[in-house]
Amino acid sequence: MAYKGLDRITVSDIEALGIESEAAKRLHATLTNIIQNYGPATPHTWRNITAHVLSPELPFSFHQMLYYGCYKDFGPDPPAWLPDSLVAHALKALGLEKGSAIAIDMPMHVNSVIIYLAIVLAGYVVVSIADSFAPPEISTRLKISEAKAIFTQDLIVRGEKNLPLYSKIVAAQSPMAIVILINGSNSSMKLRDGDISWHDFLETVKDFKEDEFAAVEQPIEAFTNILFSSGTTGEPKAIPWTHATPFKAAADAWCHMDIRIGDVVSWPTNLGWMMGPWLVYASLLNGASIALYNGSPLGSGFPKFVQDAKVTMLGVIPSIVRTWKSTNSVSGYDWSTIRCFGSTGEASNVDEYLWLMGRAHYKPIIEYCGGTEIGGGFVSGSLLQAQSLAAFSTPAMGCSLFILGNDGVPIPKNEPGVGELALGPLMFGASSTLLNADHYDVYFKGMPLWNGKVLRRHGDVFERTSRGYYHAHGRADDTMNLGGIKVSSVEIERICNEVDSDVLETAAIGVPPAVGGPEQLVLAVVFKNSDNQTADLNQLRTSFNSAVQKKLNPLFKVSRVVPLPSLPRTATNKVMRRILRQQFAQHDQSAKL
């Protein structure tokens, strides 16, 4: 859609969006005054529009009209939020540029956070397991970590459904884990021999005196948490966090999201993924409170919770925002206490995040990208720089970024370019060992030297734009990011190849939508009979979904099935998934046009 420049917008244009005539006149008068003072197309024009014209109650189409009108001829990376001008001027004037392992498999609520901290304070090591995992995945993680016990509960709530959690632990049949059950709605559940209820567990320490306990001192290199990669290439990597890692999380939160004493921080997540422990440390070590919502963040209950808890920093993933926007479930709630948003997990979409900013009177969105092995982020946004939607504005504090050219050598640091991302090897809090793999081989072997030091492998493709912003373009290898979870093509293909006897082989491809946003899972299918024209592709997609969600992850969804006569291969018979990714992305772009 073509948008007019701001100085060409009329009262009639505003009325055409469903805004009442008198209101349209007032809005147009304010807009005209801003244009006279700041011009029709500058970042400061947009800043004053968000402060004096736009509000969450106005139609989102009006927000889009002004945003795209202001930046009609601006070029790439228009800033959606600007820092306080006094701070920006000051920075410019200064010349500154912009023991035993105990597992937890529970939702993120007060009990689980208390248990997490108690394990760490007592000198044990937390083993983080996501409550969405199937029994085989739980078993694998318990065996790798050699967990001696596991905290869980009987049921978890997913929407209107109560799903078994304790029974999944039992089905994992791990011989080294004794389950300690946190009773939920089914307190009369029969326990397996050797397991213990939460009530009985507390009874074992009923005579405990608080002054008898003191936090156990540990050296900084001692483990505090064992987390896991998503298992993109077979067995998941077991990644230990040391006692330095919490300070990495807290430093990122303080530096990039301005989390401070008295703040209220909410971020829907789970202790099984790095953002769960990150949230605990990022909030509490900075003197902030954590706002924990016991339920799905997708409905209207969570936006009301954000309002009532007076959340000051709200973390999201793009798929949550997409649901809020499509269902309008945040309508009518007051989010005026929010000072900034944080976003991580997957690629974001400009329009969806413009809409999100509008719900909180255009507070900034801090894009944040990192990894479990880093304990936080390596690239982020900042409240001291102009923030562009769906873009990162700076390396995270203490991190160095390098974009490798086609020759494998870093391109000059201040030049634009696209390539595989490498990281400086010295990052406080980042991993230095793996429990079940050689850390050097995984992250450093074969990487180029820079100033005498071997760079650290990350594996994403990144772009640095002419304006100095960074954009992520997915994995450099054959893994994909589905809903914030990295998964290998091979894992999905292994499952889908067994779904239908007519299927010869499949190729799982993560394709970014033409309009931007998270990758969508597309399955290329080769049938045993290459002339097969009768296959019901919708039914096949349903069957693929059922198998993938049951055997791999309930959050994954096949968006499309594409029949092909054969898969493109290299001379050594390897499937060239990148070729398919390019073809599907070009097809989607052509369809959009």
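Can you name the condition, by its number, that Leu271 falls short on among (1) over 21 Å from Pro107 (Cβ atoms); (2) in a loop (DSSP other than H, G, I, E, B); (3) modelled with pLDDT of 90 or more?
Going through (1) over 21 Å from Pro107 (Cβ atoms); (2) in a loop (DSSP other than H, G, I, E, B); (3) modelled with pLDDT of 90 or more one by one, Leu271 breaks only (1).
Of all residues being open to solvent by 40 Å² or more (accessible area, probe 1.4 Å), part of a loop (DSSP other than H, G, I, E, B) and modelled with pLDDT of 80 or more in the range 465-493, which is farthest from Ile403 (Cα to Cα)? Just the residue, please.
Arg467
Filter the range 317-327 for residues that are surrounded by fewer than 22 Cβ atoms within 10 Å (Cβ to Cβ) and closer than 21 Å to Ala390 by Cα and give the result.
Ile317, Ser319, Ile320, Arg322, Thr323, Lys325, Ser326
So, of the residues in the range 172-201 that are surrounded by 12 or more Cβ atoms within 10 Å (Cβ to Cβ) and at pLDDT below 70, which turns out to be nearest to the chain's Cα centre (by Cα)?
Result: Gly184.
Inside the range 220-250, can you point out the residues that are touching a Leu at 6+ places or on another chain (Cβ under 9 Å) and in a helix (DSSP H, G or I)?
Pro246, Phe247, Ala249, Ala250, listed by residue number.
Output the residue which, of all residues in the range 117-169 that are more than 23 Å from Leu279 (Cα to Cα) and among the basic types (Lys, Arg), is surrounded by the fewest Cβ atoms within 10 Å (Cβ to Cβ).
Selected residue: Lys161.
Between Thr394, Thr372, Thr344, which is modelled with pLDDT of 95 or more and among the β-branched types (Val, Ile, Thr)? Outline the logic, then answer.
Values: Thr372 fails: modelled with pLDDT of 95 or more; Thr344 fails: modelled with pLDDT of 95 or more.
None of the other options fit; the residue is Thr394.
Looking at the range 401-426 only, could you name the residues that are outside any loop (DSSP other than H, G, I, E, B), of a type outside the set (Val, Ile, Thr) and either under 22 Å from the mean Cα position of the chain (by Cα) or within 18 Å of Tyr443 (Cβ to Cβ) (or both)? Don't jump to the end; show me each part of the working.
Within the range 401-426, the subset outside any loop (DSSP other than H, G, I, E, B) is 401-404, 410, 417-423.
Next cut, of a type outside the set (Val, Ile, Thr) only: 401-402, 404, 410, 417, 419-423.
Leu401, Phe402, Leu404, Pro410, Gly419, Glu420, Leu421, Ala422, Leu423, listed by residue number.
Would you mind finding the one in Arg569, Arg541 that is closer than 23 Å to Ser319 by Cβ and either under 29 Å from the mean Cα position of the chain (by Cα) or at pLDDT below 85 (or both)?
Arg541
Run Gly371 past the list (1) open to solvent by 30 Å² or more (accessible area, probe 1.4 Å); (2) out of contact with any helix residue (DSSP H, G or I) (no Cβ under 8 Å at 6 or more places or on another chain) and report the number of the one that doesn't hold.
It fails just one condition, (1).
Looking at the range 379-400 only, could you name the residues that are crowded, with 21+ Cβ neighbours inside 10 Å and not in a loop (DSSP other than H, G, I, E, B)?
The answer is Val379, Ser380, Gln387, Ser388, Phe392.
Please name all residue pairs, on different chains or six or more residues apart, with Cβ atoms under 6 Å, provided the first residue is in the range 1-28 and is more than 23 Å from Gly39 (Cα to Cα) and the second residue is open to solvent by 60 Å² or more (accessible area, probe 1.4 Å) and charged (D, E, K, R).
Ser21/Glu15
So, in the range 405-419, exactly how many residues are of a type outside the set (A, V, I, L, M, F, W, C) and at pLDDT below 90?
Matching residues across the range 405-419 total 7.
Can you pull out the helices (runs of 4 or more DSSP H) entirely within the range 289-368 that have at least 2 residues that are among the acidic types (Asp, Glu), out of contact with any strand residue (DSSP E or B) (no Cβ under 6 Å at 6 or more places or on another chain) and within 22 Å of His473 (Cβ to Cβ)?
Because the criterion is at least 2 residues that are among the acidic types (Asp, Glu), out of contact with any strand residue (DSSP E or B) (no Cβ under 6 Å at 6 or more places or on another chain) and within 22 Å of His473 (Cβ to Cβ), the helices (runs of 4 or more DSSP H) in the range 289-368 that meet it are 350-359.
What tally of residues in the range 276-304 results from selecting those that are farther than 24 Å from Asp252 by Cα, open to solvent by less than 50 Å² (accessible area, probe 1.4 Å) and hydrophobic (A, V, I, L, M, F, W, C)?
Within the range 276-304, residues that are farther than 24 Å from Asp252 by Cα, open to solvent by less than 50 Å² (accessible area, probe 1.4 Å) and hydrophobic (A, V, I, L, M, F, W, C) number 1.
So in the range 68-79, with the set limited to residues that are within 14 Å of Val350 (Cα to Cα) and open to solvent by 40 Å² or more (accessible area, probe 1.4 Å), which one is nearest to the chain's Cα centre (by Cα)?
Pro76
Report, by residue number, each residue of the range 328-351 that is hydroxyl-bearing (Ser, Thr, Tyr) and open to solvent by 10 Å² or more (accessible area, probe 1.4 Å).
Ser329, Ser331, Tyr333, Ser336, Thr337, Thr344, Ser348
Give the residues of the range 124-139 that are part of a loop (DSSP other than H, G, I, E, B) and among the hydrophobic types (A, V, I, L, M, F, W, C), sorted by residue number.
Let us first name the residues in the range 124-139 that are part of a loop (DSSP other than H, G, I, E, B), namely 124, 129-134.
Selection gives Ile129, Ala130, Phe133, Ala134.
Restricting attention to the range 450-464, and to residues there that are at pLDDT 95 or above and of a type outside the set (Lys, Arg), which single residue is nearest to the chain's Cα centre (by Cα)?
Of everything passing the filter in the range 450-464, Leu455 is nearest to the chain's Cα centre (by Cα).
For the range 492-511, enumerate the residues that are charged (D, E, K, R) and under 30 Å from the mean Cα position of the chain (by Cα).
Glu493, Arg494
Of all the residues that make up the range 34-67, how many are under 17 Å from Val350 (Cβ atoms), aliphatic (A, V, I, L, M) and not in a loop (DSSP other than H, G, I, E, B)?
Residues meeting the conditions: 3.
The values are calculated or read from the model by the stated rules, or taken from the named source; none is laboratory data. Bear in mind that the values here come from a model prediction, so they are computed numbers and not experimental data. Positions of Cβ are generated from backbone atoms using ideal geometry, with glycine treated the same way; all protein chains shown enter the neighbour counts. The accessibility values were calculated without ligands, DNA or RNA, using every heavy atom of the protein model including side chains. Shrake-Rupley method; radii C 1.70, N 1.55, O 1.52, S 1.80 Å.
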